[in-house]
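Here the structure comes first, spelled out in structure tokens, and everything after it is commentary.
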């Protein structure tokens with residue numbers, strides 16, 4: 001089973017969700033996000049930004065985590081995202097001083113999919129207030145960059161909007177997101193396409209709605225990023241998660257929320 005808990009209002013600009021899973025062998029798709037992972041023994045690790053599918057093959061009975069919006073976690077930790085690209089590392093080797101407030105006295109129960117984890121994020125945010133940022137962006141600007149690339153904006157156009165050169169934009173994106181704007185745009189488009197495929201939309205329509213040149217182009221990208229063809233990706237996908245409201249108990253099943261746009265884009 002896989003469950004998600006939406007964040008409280010105070011954390012919506014930072015966090016997509018808290019989640020809990022007792023499934024093994026999951027295919028974790030690249031989505032531009034980074035997670036903090038918690039194991040049953042209370043150990044924390046950091047899941048860096050992925051450039052292709054990652055097969056979770058842990059032996060723990062369950063795993064919980066906090067999924068941050070793209071670019072947010074490196075800012076909180078004060079660690080360049082590129083150093084964690086395609087890696088899972090214990091927090092002790094990543095940013096022990098930054099994460100000390102987070103790990104203190106936190107041992108969520110097996111059934112806890114949110115409350116304790118969100119409290120940990122609030123402690124992490126408090127500890128990061130004075131920390132040097134990894135890029136000169138406010139969270140609002142960070143969201144703007146993600147949204148613009150998620151809708152297929154040209155890198156040169158986005159750099160002009162920010163008053164930067166494309167080289168500066170690439171350098172800052174690499175520090176915050178773990179890869180440059182062209183790769184991030186590609187991953188966000190794939191995320192939007194995967195969401196539509198999971199919803200049962202035909203591949204040809206998915207390709208048209210998400211800006212791929214044609215269905216073969218979509219197929220090549222899915223094979224490259226998910227390491228399986230679209231048909232296998234859909235067959236391999238997890239069931240819709242159970243969404244747990246932090247205020248009203250268990251809700252109905254639904255797709256996880258997406259911070260980036262999932263509609264039509266224009267870049268092929």
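Can you give me the relative contact order of segment 139-236 as a percent, contacts being Cα pairs under 8 Å and 6 or more apart?
Working: 72 pairs, mean separation 17.2, N = 98.
The normalised contact order for segment 139-236 reaches 18 percent.
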Rounded Å value of the spacing that divides the Cα centres of segment 32-51 and segment 152-197 | 23
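Going by average Cβ neighbours within 10 Å, how do the peptides 63-75, 27-39 rank, with the highest at the top? Working shown, then result.
Values: 63-75: 24.8, 27-39: 22.0.
With the highest mean Cβ count within 10 Å placed first, the list reads 63-75, 27-39.
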What is the packing order of peptides 140-150, 215-225, taking the mean over residues of other C-beta atoms within 10 Å and listing the highest first?
-> 140-150, 215-225
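At R0 = 41 Å, how high is the FRET efficiency between residue 51 and residue 10 if r is their beta carbon distance? Nearest 0.05 is fine.
Values: r = 32 Å, r/R0 = 0.77.
Computed FRET efficiency for residue 51 and residue 10: 0.85.
Work out, step by step, the length gained on full extension between residue 162 and residue 144: first 0.36 nm times the residue separation, then minus their alpha carbon distance; give nm to one decimal.
On the way: separation 18, 0.36 × 18 = 6.48 nm, distance 1.01 nm.
My answer for the length gained is 5.5 nm.
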Could you give the nm distance between label points at residue 204 and residue 122, where each point is 7 Å from its Cα heading toward the beta carbon?
-> 5.2
Going by a ≥ b ≥ c, the root eigenvalues of the Cα gyration tensor, does segment 1-98 fall in the rounded group (a/c under 1.5), the prolate group (a/b larger than b/c) or the oblate group?
-> rounded
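I need 126, 50 ordered by Cβ neighbour count within 10 Å, fewest first. Numbers along the way, then the final one.
On the way: 126 10, 50 22.
Starting with the residue having the fewest Cβ neighbours, the order is 126, 50.
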Heads up, segment 139-236 by the C-alpha gyration tensor (a ≥ b ≥ c square roots of eigenvalues; a/c under 1.5 rounded, else a/b over b/c prolate, else oblate) looks prolate
Burial ordering of 54, 190, fewest other beta-carbon atoms within 10 Å first | 54, 190
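FYI, it's all coordinate maths here, none of it is from the lab. Keep in mind that what you see is a predicted model, and the values were worked out from it rather than measured. Quick reminder, even Gly has a Cβ in these numbers, built from the backbone with ideal geometry, and neighbours come from all protein chains shown.
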